[in-house]
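The values are calculated or read from the model by the stated rules, or taken from the named source; none is laboratory data. Bear in mind that the values here come from a model prediction, so they are computed numbers and not experimental data. Here the Cβ is made from the backbone with ideal geometry for all residues, glycine too, and neighbour counts use every protein chain on show.
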């Protein structure tokens, strides 16, 4: 490959990431309804046709933001898990890290879990960053536990419910640790 072609590909990848980053920043500052191709084009100082050369539209941008977010979530969960070698403590740390992620990055969390996208969960087409995040939950259960993926899925689902209901103010956030303790002790103590 020629040096010019490599440079163009590198510039295209940088522009692609710039658009994703701008969409995230705009969503965090003003909400997803403020994220339009016109606003993004202004923000990144490229024309709308340039944006459309990277993404088919807003849904495609949200998908890219979500996949980016899953990569960040996986890294945060991994750090939490590795900091606690004992499985139940690791699970507690991973769950806490998940809820912290949802609270600290509400617009990103929306893109990942609430807004409509074609990102598939528990499927052959599941993007690797999403699978990596899920695997951090799975890794908190003993390898000889044949139901560890099921337990991880139930934990993740419960955490999503807690995060969503807390963010909307429907359940009080001051008892998060009690919820986590209940959830973890019920599943972590379950025999395989």
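Total residues in segment 97-131 satisfying the condition of being crowded, with 17+ Cβ neighbours inside 10 Å and part of a helix (DSSP H, G or I): the figure is 14. Here residue 87 meets each of (1) at pLDDT 95 or above; (2) under 29 Å from residue 138 (Cα atoms); (3) more than 16 Å from the chain's Cα centre (by Cα) with one exception, condition (1). Note on segment 1-83: enclosed helices (runs of 4 or more DSSP H) holding 2 or more residues that are under 30 Å from residue 156 (Cβ atoms), touching a residue at least 12 places away in the same chain (Cβ under 8 Å) and within 17 Å of the chain's Cα centre (by Cα) are 3-30, 58-82.
Screening 24, 15 for residues that are more than 22 Å from residue 109 (Cα to Cα), surrounded by 14 or more Cβ atoms within 10 Å (Cβ to Cβ) and either in contact with a helix residue (DSSP H, G or I) (Cβ under 9 Å, 6 or more places away or on another chain) or modelled with pLDDT of 95 or more (or both) leaves exactly one candidate, 15.
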